[in-house]
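Notes follow the structure.
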Amino acid sequence: MLALAAAPASAHHAFAAEFDSTKPVKFEKAVVTRMEWVNPHVWIHIDVPQADGSVEKWAIEAGTPNVLFRRGFTKDALLPGTSIVVDGYRAKDGSRRANGRDLTLPDGRTLFLGSSGTGAPLERP
Amino acid sequence: MSEVSDVPGVRFGIAAALAVLIVIRVAAQEKPAEMVGGCPAEPLAFHACALQKARTFNPPRTPGGKPDLQGYWRSRLTQAFSVEGVPADEPLIHDPIMPWEAAPPEVIDPADRKIPYQPWAAAIGRRGVNFTQYVDPRTTCSTAGIPRLALQDANQILQPWGDQYVLWAFEDHHNQRVIAMDGRPPVGPAIKTWNGLARGRWEGNTLVIETTNLNGYNWIDDAGNFYTDAVRVTERLTLIDPDTIDFTATFEDPKAYTRPWTVAWALVRAKEPGFELLEEACREGERSLDRIRETTGMKFYFGEPWRGR
């Protein structure tokens, strides 16, 4: 499991208030179209295929890029075209954005996208 | 002066702290509770142990003979949620979106490990008015402030030749502090700053940093614990082994508290080859604040709840 939290992650209470815990989403066949490697949160843009053959475009919010980088997860890790499974909670305003929780890569590795964690950095000397 | 300063009431709390550790050990039966710098992994127990180790540890020295604290550091024994700790029955632990985690307090004094707020201030901090009505200033990409910066991401201590300054650089929203070590007098109280004005001195092997002239526009933690612009924060950094610093911060604010209080944690050296601070340009991709304000009605915090007092 590639864990995201390293430095004491803040709960960012206000960010949490933006998402709706009664509206979980899970995308089994999402395809990465673009990864935005920005502070304070990385955004993973995906295409979600629909039953009628159309595609919904969603944006999944992940943690901070510096933490990902130090874990060896780089800009090339999620290239466009990668199929992933991802879940999270939808934005309260109904837009197609979600606060990401878990992401599964094609090789089965999972990446926790959420911003929770206690103080102990997971990297050890 | 050769004695490392002690915090009153430490001994009272040791038994309680070790009781917390015993609970942790029982709960995580796969392996014993971890140690940090050879000391127990709980803030109060760590600090008490660290004081003992500091008595006999002779740190490396700068060319001028001062303890050498230089390098990259990360906090340990910390959590960002609340300095008063997160009990196991805290409902936010089960929040599906941004769960908190159970953790001991970083407050080590007073003995009940709570911030000794005056009654008016207790309604504002401690997940009161601040937490429910205001956006955490760190969330808006403002500085985490003092001492919260030393708890968040990695940081770097530099001691330029001549020992007239200590520079403390922080990855968190790329802040820096310049600590004057030359005994210059403080400036007057009318000057207010986000990260304060710091005056440092050595007490034996301990770097003592006194910071005043803070504007009070920051929170101490996610729970909205706070101080006013009258605060003086005194930090103490002591190497207890080559890779571990005992860190404490004492808050004195006659407008908000009934007495001083202290937090403690460890700073542990980052030793990955090639480690350096990365730019953490919080503002560049920030796109949530407008929506947060619209959907929650939360306000931006500039010490507003307490400024009228």
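Would you mind checking B:114/B:299; A:23/A:75; A:26/A:57 for any pair whose Cα atoms are more than 21 angstrom apart?
B:114/B:299; A:23/A:75
Roughly how big is the A-B contact, given as buried accessible area in Å² (both sides, 1.4 Å probe, nearest 100)?
Adding both sides of the contact gives about 3800 Å².
Taking square-rooted eigenvalues a ≥ b ≥ c of the alpha carbon gyration tensor, is the range B:236-291 rounded, prolate or oblate, where a/c under 1.5 means rounded and, failing that, a/b exceeding b/c means prolate?
Oblate is the answer for the range B:236-291, as a/c is 1.5 or above yet b/c matches or exceeds a/b.
Calculate the radius of gyration of the Cα atoms of the range B:30-125 to one decimal place, then report Dmax, the largest Cα-Cα distance, as a whole number, both in Å.
In Å, with Rg to one decimal and Dmax whole: 17.6, 53.
For every other residue with a beta carbon closer than 12 angstrom to the beta carbon of residue B:101, add +1 if it is Lys or Arg and -1 if Asp or Glu, then tell me the sum.
Local net charge: -3.
How large is log10 of I(q)/I(0) for the range B:136-243 at q = 0.15, 0.17, 0.22, 0.24 Å⁻¹ when the intensity is taken from the Debye formula with one equal scatterer per alpha-carbon?
For the range B:136-243, the Cα-only Debye profile gives -0.65, -0.83, -1.31, -1.47.
Which shape class, rounded, prolate or oblate, goes with the range B:90-153 when its Cα gyration tensor gives a ≥ b ≥ c as root eigenvalues, a/c under 1.5 marks rounded, and past that a/b bigger than b/c marks prolate?
rounded
Could you give the dipole magnitude of the protein assembly as shown about its Cα centre, charging the beta-carbon of Lys and Arg +1 and that of Asp and Glu -1, in debye to the nearest 20?
My answer is approximately 520 debye.
Check each residue of the range B:261-287 and keep those whose accessible area, probe 1.4 Å, is at least 50 Å² smaller with all protein chains in place than in the chain alone; give them in order of residue number.
B:278, B:287
Using the Kirkwood radius built from alpha carbon pairs, what does the Stokes-Einstein equation give as D for the range B:32-73 at 4 °C and 1.567 mPa s, in µm² per second?
109
What percent of all Cα-Cα pairs in chain B falls into each 20 Å bin, going from 0 up to the bin containing the maximum distance?
32, 61, 8
What part of the accessible area of the protein assembly as shown, given as a whole %, is carbon or sulfur when the probe is 1.4 angstrom?
55
How much accessible area per residue does the range B:60-300 have, counting only protein heavy atoms and a probe of 1.4 Å, in square angstrom?
Ligands and nucleic acids excluded, the result is 36 Å² per residue.
Give, to the nearest whole percent, the P(r) tail of the range A:23-74 beyond 13 angstrom, counting all Cα pairs.
62
Would you calculate the separation in nanometres between label points at residue B:208 and residue B:132, each defined as 7 Å from the Cα along the Cα-to-beta-carbon direction?
Placing both labels 7 Å along Cα→Cβ, they lie 4.1 nm apart.
The protein assembly as shown: D in µm²/s via Stokes-Einstein (Kirkwood Rh, Cα pairs, 10 °C, 1.306 mPa s)?
70
If you wrap a convex hull around the alpha carbons of the range B:188-309, what volume per residue comes out, as a whole number of Å³?
Normalising the Cα hull of the range B:188-309 by residue number yields 170 Å³.
Lysines within cross-link reach of residue B:53: Cα-Cα under 25 Å, excluding same-chain residues under 8 positions apart?
B:31, B:66, B:271
So if each residue of separation counts as 0.36 nm, and I subtract the Cα-Cα distance between residue B:284 and residue B:192, what length gain in nm does that give?
Answer, rounded to one decimal: 30.5 nm.
For the pair residue B:299 and residue A:102, how long in nm is the line joining their label points, each one 7 Å along Cα→Cβ?
Using points 7 Å along Cα→Cβ, the separation is 4.2 nm.
The values are calculated or read from the model by the stated rules, or taken from the named source; none is laboratory data. Everything numeric in this text was worked out from a predicted model, so none of it was measured. Neighbour counts are summed over all protein chains in view; Cβ atoms, including those assigned to glycine, are modelled from backbone coordinates with ideal geometry. Accessible surface areas use protein heavy atoms only, side chains included; no ligands, DNA or RNA. Shrake-Rupley method; radii C 1.70, N 1.55, O 1.52, S 1.80 Å.
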